[in-house]
Structure formats: C-alpha cells, structure tokens
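Participant: Can you keep this structure in mind? I'll have questions shortly.
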Number of protein chains: 2
Amino acid sequence: MSHTLGIRQAQKQKTRQALLDAALGLLEEQSLSSLGLREVTRAVGVAPTAFYRHFRSTADLGVALVEEALGSLHPMIQNTVAGARSSEERITRAVELIAHHVHTQPAHVRFIARERHGGVQPVREAIRSQLGRFAEEVRAELAKDPESAGWSEDDLLMLAHLFVDQMLVTASLFLESLEAPEEEQERVAQLVTRQMRLISIGRHHWLD
Amino acid sequence: MSHTLGIRQAQKQKTRQALLDAALGLLEEQSLSSLGLREVTRAVGVAPTAFYRHFRSTADLGVALVEEALGSLHPMIQNTVAGARSSEERITRAVELIAHHVHTQPAHVRFIARERHGGVQPVREAIRSQLGRFAEEVRAELAKDPESAGWSEDDLLMLAHLFVDQMLVTASLFLESLEAPEEEQERVAQLVTRQMRLISIGRHHWLD
DNA sequence: AATTCCGGAGAACAGTTGTTAACTGGATGA
DNA sequence: TCATCCAGTTAACAACTGTTCTCCGGAATT
C-alpha cells in the first residue's frame, strides 16, 4: 500500500521534519508565540525562505506539532483503558503509560502543556480538539464497563473529561520531576496514583 | 498606619501600575516570552528606558503580575472553604466564587493559566509557589473538618492538590465560555459542579 | 533528449528589538 | 534657599525580525 516516495518528496519531508524537530527543541525554553521563523531555519541550517515551502507561519508549524504530539496517542490510550480487568489495574497501567511517555517524549509533553493555554489561538484550538477526541474515546470505553450501568451519557462524558484532565496533571508533574532524583519521581507516582484512586472511588459511589 | 506617599513615590507607583495594566492587556493575545519591553512602554505612553526604573526585565514584570493576580486571593479561598456547613454547600460556593472571579478579573485568570506552564522559568516558579500555598491552606482547612478524622497528613495534602488543580480547570473552562451565551456558561457550571461532587464522594469513601 | 517543475538560496526591504549613555526638571530634604 | 535626588527623556547602537522577488540546479515529466 505504501507508495515509495520520489527523491524529491522524500527530501522535502526530510527538511520538513528537521524544521519540526528544531522547533520542538527551541520550544523547551520559550513559547510558540515568541518562536521566530528565522530562528528555526537557522537551527536546521537552511535559508529563511525555505520555511515558506512547508509552513505558512510558525502558528501553522505549531498546529503540525500538535498532530505529531497527540495524533499517534489515541490507540495507546484506547489499549490502556480497555485492556484492564480492575479499576486498580487500569490506574496502574495509566500511570505507567504516562510516566513512560514523559520519559521518551518529554519535548512533546512540554509543548502540549505549554501551548494548551498559550498565546496562539489555532494551536489552542487544535489541542482542544484532540483532547476532546480523547475524552470521547475514554467515554466510549467506560460505557463498555459493567460498572457504568445506570450512568447517563452526560455523566460518563463528565467523568471522561475528569480523567483526561487528570492525565495532563499527571504528565505535567512527571515532567517537572524529570531531572529530580528517582525517589522524587516515585513520590510523584504515588501521589497521582492516589488521586486517580480517589476519583475512581467517587465513580464507584456516584449512583448511591 | 498607612503613610501618605510623597508626590514622587505616588507618581512612580502610578506608572508602575500602568505598565502592569498595559502588559496584562497585551498578554491576552500572546505569551510573556514574546512580550517586548518597548511594546509595553509604547502602550503606556512613556519612553522605553522608563521601564528599567521599575523592572529589570519582562520576566521580572511577570513575577510582579503573579503577585498581583494570586496574592490577594488567599483570604477569599480561605473563607470559601471554611465558611460552609456541608460539602455540597462548599462546592456551590467554590464554583460561584470562581465564576465571579473569572468575570471580574478575566485577564488575571488567563495570565495564570497561560504562564503556569509557559516559557519563562521565574514566572512558572512564582505560580508554583503560590499554588503550593493554596494547597497548604486548603489542607489546613480540610484538617479542621470532622470528616477528615483518620486521614494521614499526606492524603490530606493529596486531596488539597486535587482540589486546587480542579479549581484551575474550572477557571479555565469558565474563561473559554466567557464570550459564549448564558446557557453555555450554565452548562459549564453544571459540569464542573458534578466533577467536584464526584471528587467529594471519593473523599467520603476514601477510608472504606 | 528536451522541457517543465519546484525546493531551496541569495539579496534586499523596512521595521522591530534590548541596552547604553548622557541629560532634564521638578520633588525632596538640609 | 540651595544642593541633592531620581523618574522619565532623548539619541544612538548593533542585531534581529517577517516578507518579497529573483534566481539556480537537479528531479520529474513528456
């Protein structure tokens, strides 16, 4: 199915990816709204004008980064939420997944946390849209759970949003403790696990 | 007690406040890391160099804005959490307080949400510190509640952080619905109320 | 083999930025 | 009254920004 790209398109995608990577690196110490187009091209080693061959503006590049950071995460979350027998196991798996992802893709996580409420409207919108999809997918998985019997669609979506937000809080905390000693990271893991456990308990008794 | 300031110091504080106000306005459409010093002075109508009489840099100004936005909020939260007879009343009062504050100080709320994970380290640190104080104060109030009997200090602080984070989620949602029709704002209020209610239920059954 | 296509380079544009130094004039305190 | 102080001004610096237009050379197409 996958068609072999011509030399030309392959080179184009290569520089495009180089621009995305360079931008992601530069964004570790600043926000997207202060990221300059020349700054990015300088980091890659191409002429400033080459930028326009790939993106209309840095805001446009930001939207592409949102896709890269969150687009491939949907199946992971699906599997994590779905393939668990108990609530406790679901929590453990979720925390482990998040911790692992923060360790392997810290720049992506930082970018999302930073730009979710950042100064670039199209990027905020793109993130909002992706998180909305996550919430909807979590809701669908929760609906399959026998424990969700008697729950309204509205309440299920409410709980799903609570879980998604809590995932971001968790990711952000892991990110801050990334340079800290191992024991501090373990402390964070214990904290967020108990928080999700408390939410899970609230879910159990919601219909009382 | 309050000493009447001389003409000189009064004028100085006046321009200082004008700089803070102008910056806060400009930050509605961008992040602090892209805010220029000249941009701020131009908006106020003073020479660029006058900026240095008040702040070392825009990052310094950002830290001052954190104080202004969060410093005066401590007694409000204290009163809201303390002066409630039931959990349900506490939730209602908290949601009303947040909604009111978002309507009266939207720029402050936006600034905090934006810069909490923003690109300026000293500002992130200042916000972190203030939120830590909030969590500690909420913990102290929760500790007084008879329902907290049997809770460990650690678990109380865990719950306090959960509440503080949920307050920010709530404020952010209200902020996004600020331009939306009244019915949408009511929908948001219902959503966040149910989320806090679920957390509150989790608290009730934590020791089971 | 000849032609078109197109990602990238180069140069130049006006406009912006942070920071320095030296200066002004009214409030302040002796 | 006179000297001091100091918030704000003016001018100038090199360095940077986004954007336009023109051009090049190799890949793609015919």
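The values are calculated or read from the model by the stated rules, or taken from the named source; none is laboratory data. Everything numeric here is computed off the predicted structure, so don't read it as measured data. Cβ: placed from backbone, ideal geometry, glycine included. Neighbour counts: every protein chain shown.
Participant: Identify, from the list B:Ala64, B:Ala82, the residue that is under 18 Å from the mean Cα position of the chain (by Cα) and touching a residue at least 40 places away in the same chain (Cβ under 8 Å).
Facilitator: Among B:Ala64, B:Ala82, only B:Ala64 is under 18 Å from the mean Cα position of the chain (by Cα) and touching a residue at least 40 places away in the same chain (Cβ under 8 Å).
Participant: Which ones in segment B:31-90 are within 10 Å of DNA strand C (Cβ to nearest atom), in a loop (DSSP other than H, G, I, E, B) and within 14 Å of chain A (Cβ to nearest Cβ)?
Facilitator: Of everything in segment B:31-90, those that are within 10 Å of DNA strand C (Cβ to nearest atom), in a loop (DSSP other than H, G, I, E, B) and within 14 Å of chain A (Cβ to nearest Cβ) turn out to be B:Leu35, B:Gly36, B:Ser57.
Participant: Same structure, new question: Would it be correct to say that A:Glu147 is under 15 Å from A:Pro75 (Cα atoms) and either assigned by TED's automatic domain parsing to the domain that holds A:Gln166 or in contact with a Gly (Cβ under 8 Å, 6 or more places away or on another chain) (or both)?
Facilitator: No: the conditions fail for A:Glu147.
Participant: Taking A:Pro106 and the conditions (1) surrounded by fewer than 12 Cβ atoms within 10 Å (Cβ to Cβ); (2) more than 11 Å from DNA strand D (Cβ to nearest atom); (3) not polar (S, T, N, Q), which numbered condition does it fall short on, given that it satisfies the others?
Facilitator: (1)
This table checks each residue for (1) at pLDDT 95 or above; (2) under 15 Å from B:Ala99 (Cβ atoms); (3) crowded, with 22+ Cβ neighbours inside 10 Å.
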site: B:Phe111; (1), (2), (3): yes, no, yes
site: B:Glu115; (1), (2), (3): yes, no, yes
site: B:Gln166; (1), (2), (3): yes, yes, no
site: B:Thr170; (1), (2), (3): yes, yes, yes
site: B:Val192; (1), (2), (3): yes, yes, yes
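Participant: Quick check on my filter: what residues within segment A:91-112 are outside any helix (DSSP H, G or I) and hydroxyl-bearing (Ser, Thr, Tyr)?
Facilitator: Passing the criteria: none in range.
Participant: Checking the structure you have, find out if any residue of segment A:10-30 is within 14 Å of another protein chain (Cβ to nearest Cβ) and within 11 Å of DNA strand C (Cβ to nearest atom).
Facilitator: no
Participant: Could I ask something else about it? Could you tell me whether any residue of segment B:86-104 is under 21 Å from A:Val120 (Cα atoms) and either assigned by TED's automatic domain parsing to the domain that holds B:Val169 or modelled with pLDDT of 95 or more (or both)?
Facilitator: yes
Participant: Here's something else I'd like to know. Give the number of residues within segment B:113-133 that are part of a helix (DSSP H, G or I), at the interface with chain A (Cβ under 9 Å from one of its Cβ atoms) and under 16 Å from B:Gly71 (Cβ atoms).
Facilitator: Total meeting the criteria: 2.
Participant: Name the single residue that is nearest to DNA strand D (Cβ to nearest atom) among those in segment B:45-60 being within 19 Å of B:Gln9 (Cα to Cα) and buried (at least 19 other Cβ atoms within 10 Å of the Cβ).
Facilitator: Looking at the filtered set, the residue picked out is B:Phe51.
Participant: Kindly provide the set of residues from segment A:9-23 that are exposed (fewer than 13 other Cβ atoms within 10 Å of the Cβ) and farther than 13 Å from A:Arg53 by Cα, ordered by number.
Facilitator: Matches in segment A:9-23: A:Ala10 only.
Participant: Going residue by residue through segment A:92-103, is there one that turns out to be more than 25 Å from A:Leu157 (Cα to Cα) and buried (at least 20 other Cβ atoms within 10 Å of the Cβ)?
Facilitator: Within segment A:92-103 (the criterion being more than 25 Å from A:Leu157 (Cα to Cα) and buried (at least 20 other Cβ atoms within 10 Å of the Cβ)), the answer is yes, since at least one residue qualifies.
Participant: In this structure, does B:Arg16 turn out to be within 11 Å of DNA strand D (Cβ to nearest atom), assigned to a helix (DSSP H, G or I) and touching a His at 6+ places or on another chain (Cβ under 6 Å)?
Facilitator: In short, yes.
Participant: Can you find even one residue in segment A:61-84 that is surrounded by 17 or more Cβ atoms within 10 Å (Cβ to Cβ), within 12 Å of DNA strand D (Cβ to nearest atom) and closer than 26 Å to A:Arg110 by Cβ?
Facilitator: There is at least one residue in segment A:61-84 that is surrounded by 17 or more Cβ atoms within 10 Å (Cβ to Cβ), within 12 Å of DNA strand D (Cβ to nearest atom) and closer than 26 Å to A:Arg110 by Cβ.
Participant: I'm checking my understanding of the structure. Among residues of segment B:134-185 that are aliphatic (A, V, I, L, M) and part of a loop (DSSP other than H, G, I, E, B), which one is farthest from the other protein chains (Cβ to nearest Cβ)?
Facilitator: This residue is B:Ala149.
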